[in-house]
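Visitor: Below is a structure I'd like to ask you about.
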Amino acid sequence: MPILLLVESTSASVLPASLGSRYVARQPILTSNEQVFGYELLFRDGVEDYFQSTDPDVASRSTVDTSMLMGLDILCDGRRAFINCTRDTLLKDYVTLLPPAQAVAEIVKSVAVDDLVEAACIRLKKGGYMIALDDFVVDDPRSGLARFADIIKIDTKSTSAEHQAAIFKRHATPACRMLAKTVETRESFSDGKNAGFSYFQGYFFRKPELLHAREIPKHRVNYMRLLQAISSDDLELSEVDGIIKGEPSLCYRLLRYLNSAAFGFSSEIHSVKHGLSILGEREVRRWVRMVATLGAGQDKPSDLVLSAMVRARYCELLGSKIPHGESDLFLVGLLSLMDAILEIPMGVVLEGISLDRETRAVLLGQTSNLEPVYRLMLSQEAADWTQLSKLCAQVKLPESVATEYHWKAMQWAREMTTGT
């Protein structure tokens, strides 16, 4: 399931108004040690639709150069951007409008190989770009391009182990790594690692292993204690201060984020107590939730933590437009990935946290008044365009507003996770 982003024309720094709103989805690509290597970017209307213009160069510059170059750090969190390339995209060198250190030209399976396509690949390689071949199969018509490829992507669900081995034998080299697509379970991830794949695309890392011990790892107990402390109706700042002081990494993270430009304080914060004293109760709760999530996820793939932050801020923004009672939507979004971050079932995550009934129910997949917000969040992230439209109509929210909020949430989460 890709994560839906929006490149919205309401900002002059993004897209010209004449091109309207453009939707982009992303799907993470991880290394064998579960570090995020990059993201495949997917356009709602398809690559060719994105370049419709009487002058292709104008269209490419107004879309690729403006929206992607200026937003690439937000879209891909500073990682590589895998750009789907049709024949026309390759021959017109659209990808070269992006920095070679960030862009990967991903050649789709429909591209017919000829001298012009090979010449385009040579130009890309000379320019320092990586090349990936998507949906590669045995006896693939694009085999002639394998000599240019840095990455070959194999759909492990539709390709037999025998055919995977044949592709490895013929094309895998130190300069050409294999990527396993549609990796949705820990078992398929382990199988892929054993088979020799270097990269993995899918959401296997977002699903906690149910056989994991029910005890929360000791070094994460303080994060759960913090969430418990701030979930109380009567917030005890002294209790929060004490928990934070007992965890050096939390002290560091809290001070770092308080002193970042995102908070805009006129003077530096030199102690946790000082920070707590100048923040209002609402901001203390919000602040602690954010940093507890960052701390709990410090040894997890960055996509998990970033996505939890995006969900939290996105739900919070939606709260201004969609009725949600007394529930804290920021907390709803934040906790929605805590099971994956802590590697324990959601029921265990919620055991020690005081939550209102509606929030607890929606996080456990039960009937809740918060379902419209929760489902909107999930459909946005999964790039389920049809469901997104239906839900927006149901809650009487313009689709453009919903997607604009998601883009704003991405920008905010990027600022928070980088501390800048």
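Visitor: Give the long-range amide H neighbours of GLU40: residues separated by 5 or more places, or on another chain, with amide H under 5 Å away, using H modelled in the peptide plane at 1.01 Å from N.
Guide: Answer set, sorted by chain and number: GLN27, ILE29, PHE82.
Visitor: Then there is this: Among the lysines, select those whose C-alpha is under 27 Å from the C-alpha of LYS92, and discard any that sit fewer than 8 residues away in the same chain.
Guide: Output for LYS92: LYS109, LYS125, LYS126, LYS153.
Visitor: Would you mind working out the accessible area per residue for region 304-402, using a 1.4 Å probe, and quoting it in Å²?
Guide: Per residue, region 304-402 has 37 Å² of solvent-accessible surface.
Visitor: Along region 129-143, what does the Karplus equation 6.51 cos²θ - 1.76 cosθ + 1.60 (θ = phi - 60°) give for ³J(HN,Hα), rounded to whole Hz, x for Gly and Pro?
Guide: 8, 7, 10, 10, 10, 8, 6, 6, 10, 4, 6, 5, x, 8, 4
Visitor: Counting only protein chains, not ligands or nucleic acids, how are ASP88, ASP241 ordered by accessible area (probe 1.4 Å), most first? Mind showing how you got there, number by number?
Guide: Working: ASP88 60, ASP241 20 Å².
Greatest to least solvent exposure: ASP88, ASP241.
Visitor: Another question, then. Could you work out how much longer the chain between ARG123 and ALA101 gets when fully extended? Use 0.36 nm per residue separation minus the Cα distance between them, nm to one decimal.
Guide: Net length gain for the segment: 6.4 nm.
Visitor: Using the beta-carbon distance between ASP114 and GLU415 and R0 = 45 Å, what value does 1/(1 + (r/R0)^6) give for FRET efficiency, to the nearest 0.05?
Guide: 0.50
Visitor: Here is a further query. Pull out the extension gain between LYS408 and LYS169, defined as 0.36 nm times the separation in residues minus the alpha carbon to alpha carbon distance; nm, one decimal.
Guide: Result: 81.5 nm gained on full extension.
Visitor: Here is a further query. Net charge within 13 Å of LEU331 by Cβ-Cβ distance, Lys/Arg positive one each and Asp/Glu negative one each, not counting LEU331 itself?
Guide: Result for the neighbourhood of LEU331: +2.
Visitor: Here's something else I'd like to know. Sticking with the crude label model, points 7 Å out along Cα→Cβ, report the distance from ARG282 to GLU236 in nm, one decimal please.
Guide: 2.5
Visitor: If you don't mind, there's one more thing I want to ask. Apply the a/c threshold of 1.5 to the C-alpha gyration tensor of region 320-420 and tell me whether it is rounded, prolate or oblate.
Guide: The shape class here is oblate.
Visitor: Continuing with this model, one more query. Pop out the carbon and sulfur fraction of the accessible area of region 355-420 as a percent, whole number, probe 1.4 Å.
Guide: 49
The values are calculated or read from the model by the stated rules, or taken from the named source; none is laboratory data. Quick caveat, the model's predicted, so the values are computed rather than measured. When we count neighbours, we look across all protein chains shown, and the Cβ atoms used for this are built from the backbone with ideal geometry, even at glycine. To get the accessible areas, we keep the full protein, side chains included, count just its heavy atoms, and leave off ligands, DNA and RNA. Shrake-Rupley method; radii C 1.70, N 1.55, O 1.52, S 1.80 Å.
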